[in-house]
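One structure is given below, encoded as structure tokens.
Only the coordinates and a few stated rules stand behind these numbers; no lab work does. Keep in mind that this is a model prediction, so the values were computed, not measured. Heads up, the Cβs are rebuilt from the backbone with ideal geometry, glycines too, and the neighbour counts pull from every protein chain shown.
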Amino acid sequence: MCRNIKTLANFAPPATEDELRASAIQFVRKLSGANRPSRANEAAFNRAVDEVTAAARQLIRSLTTTAPPRNRDEETRRARERARDRFAEPRRSAFAEPKSEAR
């Protein structure tokens with residue numbers, strides 16, 4: 001679940017309200033252990049999402065850095081490259097012995 005929470009600080013343009021809320025929803029889902037709350041817990045879940053969104057907004061706006069803002073397109077490209085490398089099939093060496101079949 002938490003893999004989907006993206007870094008939102010120091011981007012140009014800054015994080016949108018939708019991005020902040022999406023990260024808050026992922027965080028609350030992880031904490032609660034529920035992808036969707038039951039009707040009995042829906043109000044508490046939604047209240048938590050609102051509070052985490054407000055805290056995230058305040059945090060993002062109050063952070064300072066001397067680093068130049070990151071480019072969203074460049075960060076997306078890098079993430080795709082990392083995913084491609086992570087999930088690619090391992091390459092076999094030309095000198096590797098073929099697997100023997102079990103009988």
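Please determine, by comparing only the residues of the stretch 57-71 that are out of contact with any Asp or Glu (no Cβ under 8 Å at 6 or more places or on another chain) and either among the basic types (K, R) or farther than 13 Å from N10 by Cβ (or both), which one is surrounded by the most Cβ atoms within 10 Å (Cβ to Cβ). Within the stretch 57-71, the match that is surrounded by the most Cβ atoms within 10 Å (Cβ to Cβ) is R70. Quick one: count up the residues across the stretch 8-42 that are surrounded by 12 or more Cβ atoms within 10 Å (Cβ to Cβ) and touching a residue at least 24 places away in the same chain (Cβ under 8 Å). Looking only at that region, the number is 16.
Annotation: of all residues in the stretch 24-60 being assigned to a helix (DSSP H, G or I) and of a type in the set (D, E, K, R), the one that is farthest from the chain's Cα centre (by Cα) is R39. For E74, indicate whether it is closer than 16 Å to T7 by Cβ and exposed (fewer than 12 other Cβ atoms within 10 Å of the Cβ). Taking the combined requirement at face value, the residue satisfies it.
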